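Everything on this sheet refers to the single structure shown next.
Bear in mind that the values in this text are calculations on the coordinates, not laboratory data. Keep in mind that what you see is a predicted model, and the values were worked out from it rather than measured. Here the Cβ positions follow ideal geometry from the backbone for every residue, glycine too, while neighbour counts run over all protein chains shown.
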Amino acid sequence: MRRVVFFHFIVVLAALASGAAYAQAQISTLEKPSFQERIPQGLLDSDNHFLTLTLENDMFASRSDQNYTHGTRLTYFDVGMKSPDIIAALDGMLPFFTFNETTSVAYSVGQNLYTPDDITARTPNPSDRPYAGFLYGSAGFSSVNKNTIDSLELTLGVIGPWSMGEEVQETVHDLVGADDPSGWDYQLKNEVGAILSWQRNWPEAYAVDMHDLHLRLSPHAGFSLGNIYTYGSGGVTLQLTPQRYQWQSPPMRVRPSIPGNGFFAVPDNEFAWSAFIGLDGRAFARNIFLDGNSFQDSPSVDKKTFVADASAGISLSYGATQISYSLNWRSKEFDGQDEPSLFGAISVGYRF
């Protein structure tokens, strides 16, 4: 069934991408203003602040409770905020990122939970994914440069008992009457982790207005380096919005994921929507949640080098409030995994 869902993602993406390319070919060949030049004056000023809560859970898409089972991320996104001096001082030292007048800042806190297939077993299957939690904070920066948006994020966190994954999952399962997760005694050991992530997005590589609608095709590429994750990634997002409310980004997600920052510009007391689908592929050199601890013996499995994500969703906005839902398919991540993962993501954003 999940292979059928993924196949439908591919068919729809290919059809819409072909339509966008054809429509783009019909418009004038005159050189158009860059993406940066098209941004309305004042859209990226410091009066726009966003607070976004994102919840990802396999129960939002299926009845499973395994693999990547839950993620929570709370993000404060300040558009046009002046970067801290200690960070801006790195400007000349980062060849792949530039701080400029469009640079925005985002601060996040979050927690991810990972479990094997059978959470009722007191001794987990050694061939299945280990129990693990990840508690983290991050600081991210985004800059518009002509036709691209570059993002840089530094994440610091802990895995193991320090991450409080066991306490959180057991509390939630008690509240909802779900099975008691019995194997947390075998979770990964305590370890401090860091991730440096960079991504480049071409927000309107192909874009066209069709009557009252705006369709954009946005490729992206990037990498993450650290003892938690090390991988390279690339993919594409297709987004459809009303033309007058085209300044909307896909919702914020939990890394690793298809990109989005949750920005939306919708006037007070007006309704808008955005529909999006995306694909992302990653080549992993390091995934601590499958490889195990860096400097200690711990449970581990043989990870797959290449992992793919497919996602489809919709955002509904009314003035300063937005709610989003996306359905996410992730290919098998390790040898012996029974089936791909399917999970949902819900985001609630508020602009102030």
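Straight distance only, please: which lysines reach the Cα of LYS189 with their own Cα at less than 21 Å, same-chain residues fewer than 8 apart left out? Filter leaves LYS303. If the Kirkwood radius is taken over C-alpha pairs of segment 175-230, then at 37 °C and 0.692 mPa s the Stokes-Einstein diffusion coefficient equals 202 µm²/s. Along the charge dipole of the chain, which of TYR325, VAL144, PHE306 sits closest to the positive end, that is, farthest toward it, with unit charges on the beta carbon of Lys, Arg, Asp and Glu (+1, +1, -1, -1)? Ranked along the dipole, the leading option is VAL144. Globularity index of segment 199-312 is 1.33 (Cα radius of gyration / 2.2 N^0.38 Å, N = number of residues).
The angle between the Cα long axis of helix 165-176 and the longest principal axis of the Cα atoms of the chain comes to about 90 degrees, rounded to the nearest 10.
Fully extending the segment from GLU101 to ILE346, taken as 0.36 nm per residue of separation minus the present Cα-Cα distance, adds 85.1 nm.
Where in the chain is the longest stretch that carries no GluC sites (Glu not before Pro) classed as loop by DSSP and with at most 12 other Cβ atoms within 10 Å?
Longest site-free region, per DSSP loop and neighbour criteria: 102-269.
Given the -39500 (n - 2.57) contribution per DSSP H run of 4+ residues, what per-residue ellipticity at 222 nm results for the chain, rounded to the nearest 500 deg cm²/dmol? Write out the running numbers ahead of the final one.
Details: 5 runs with 49 residues, N = 352.
Calculated mean residue ellipticity at 222 nm is -4000 deg cm²/dmol.
Measuring max minus min along each principal axis, the C-alpha atoms of segment 46-191 give extents of 54, 28, 25 Å (largest first).
With r defined as the distance between the Cβ atoms of ALA194 and THR148 and R0 fixed at 30 Å, what FRET efficiency is calculated, to the nearest 0.05? Approximately 0.70, to the nearest 0.05. Peptide packing for 326-332, 49-55 was compared via the average number of neighbouring C-beta atoms within 10 Å per residue; ordered from the highest value, the list is 326-332, 49-55. Hydrodynamic estimate: the Kirkwood radius of the chain over Cα pairs, inserted into Stokes-Einstein at 10 °C and 1.306 mPa s, corresponds to D of 75 µm²/s. For segment 118-238, the orientation-averaged shadow of the C-alpha convex hull comes to 11.2 nm² (one quarter of the hull surface). Applying both filters, DSSP loop and at most 12 other Cβ atoms within 10 Å, to the chymotrypsin sites (Phe, Trp or Tyr not before Pro) of segment 93-175 gives PHE96. With the simple model of a label 7 Å out from the Cα in the direction of the Cβ, HIS211 to ALA285 spans 5.0 nm.
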